[in-house]
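Notes to accompany the following structure.
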Amino acid sequence: RGWGRGRGQYRGGRGSANHSSDSGPSRQPHLVQTSLVECPYPAWRTYLPDEAYSTGSSMATKVKAFKEYFQSHVQEYDLEDIELKGSLAVDYTALLADLALQAAIPDLASELRNHPETTLACAALALHTLITSLDAAREEGKEGGGEHDTTVTSDLLAPPTFNLPRLYIRLYNYEPVTPLKSVKAPLYGKCVCVQGTVVRVSNIKPLVTKMAFQCNLCQGIVEISLPDGKYTLPTKVSDEALPS
């Protein structure tokens, strides 16, 4: 499944679209309640567009826990390779074995299995925040003409000066292995691991699951989820999306 923007790129191709806010769709899109709480994660709406940020919420707790986990292992990662590939392979067994992560998210295994999309989005947002913060620290160190402490602090969570693409977390060593004959409707939307031999492949067909629209009147940007790739137009621009 790809992720796309109406005026930018999506996985598998490029597309563009500009629509004014008075266009009426045949279907009402999902509206998200905005939050007055200042979000410390600039890319929050990219990874969790259907969730308003709230301090102490389950999503915010997961993002914070994953960020601390990635920060403790940052020396093991090739950040340039992550930026190039747009993803990071993470050992599932190592996640479950981490005591700090287990303390912050006691039901991590259940969350990954039953709600993989949102849980992995929280992890990807945490990694995105960490990488942009470290990059900001390095840039600040270069401007200062010396070495700079790359410890991530709240003052480094400003929007990055470069355009880091949307990141993805790829799990490996996931358990248990599900037999192919058991992959049926009840497992829809869950994270499963299967083993088999690929005997035939077909051409890749990109599927856009999210798209951003820019209003011709106010220049505000609205992101719309497209379940099963069904094209839907926004009805209005939310206050949160209005340009400052």
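FYI, it's all coordinate maths here, none of it is from the lab. All values reported here derive from a predicted model rather than from experimental measurement. Backbone-built Cβ (ideal geometry, glycine too); neighbour counts: all protein chains shown.
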Quiz prompt | For Leu226, residues with placed amide H under 5 Å, excluding near neighbours | solution = Lys210, Met211
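Which pairs break 32 Å Cα to Cα here: Lys67/Lys210; Lys64/Lys184; Lys181/Lys230; Lys67/Lys236; Lys67/Lys184; Lys67/Lys181?
Beyond 32 Å between Cα atoms: Lys64/Lys184; Lys67/Lys236; Lys67/Lys184; Lys67/Lys181.
On full extension of the chain, what length is gained from Lys181 through Tyr231, given 0.36 nm per residue of separation minus the C-alpha to C-alpha distance?
Extra length available between Lys181 and Tyr231 comes to 14.7 nm.
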Exercise. Would you please state which residues of region 200-233 a label at Glu117 would reach in this model, taking the label point 7 Å out along Cα→Cβ and a backbone N cut-off of under 15 Å?
Key: 207-211, 224-232
Exercise. Normalise the Cα radius of gyration of region 183-235 by 2.2 N^0.38 Å (N = residues in it) and let me know the number.
Key: 1.76
Quiz prompt | Karplus 3J(HN,Hα) series, Hz, for region 193-204 with 6.51 cos²θ - 1.76 cosθ + 1.60 (x for Gly, Pro) | solution = 10, 10, 10, x, 10, 7, 10, 7, 10, 10, 5, 6
Quiz item: Given H placed 1.01 Å from N in the peptide plane, which residues other than close sequence neighbours of Cys193 have an amide H under 5 Å from its amide H?
Solution: Thr178
Exercise. Quick one: net charge around Asp50, please, counting Lys, Arg +1 and Asp, Glu -1 for every other residue with C-beta under 11 Å from its C-beta.
Key: -1
Self-check item: Ratio Rg/Rh, restricted to region 61-136 and using Cα atoms, in which Rh is the Kirkwood radius
Solution: 0.95
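What does the extension gain come out to for Asp50 and Asp81, with contour length at 0.36 nm per residue minus their alpha carbon separation?
Values: separation 31, 0.36 × 31 = 11.16 nm, distance 2.91 nm.
That works out to 8.2 nm of additional length.
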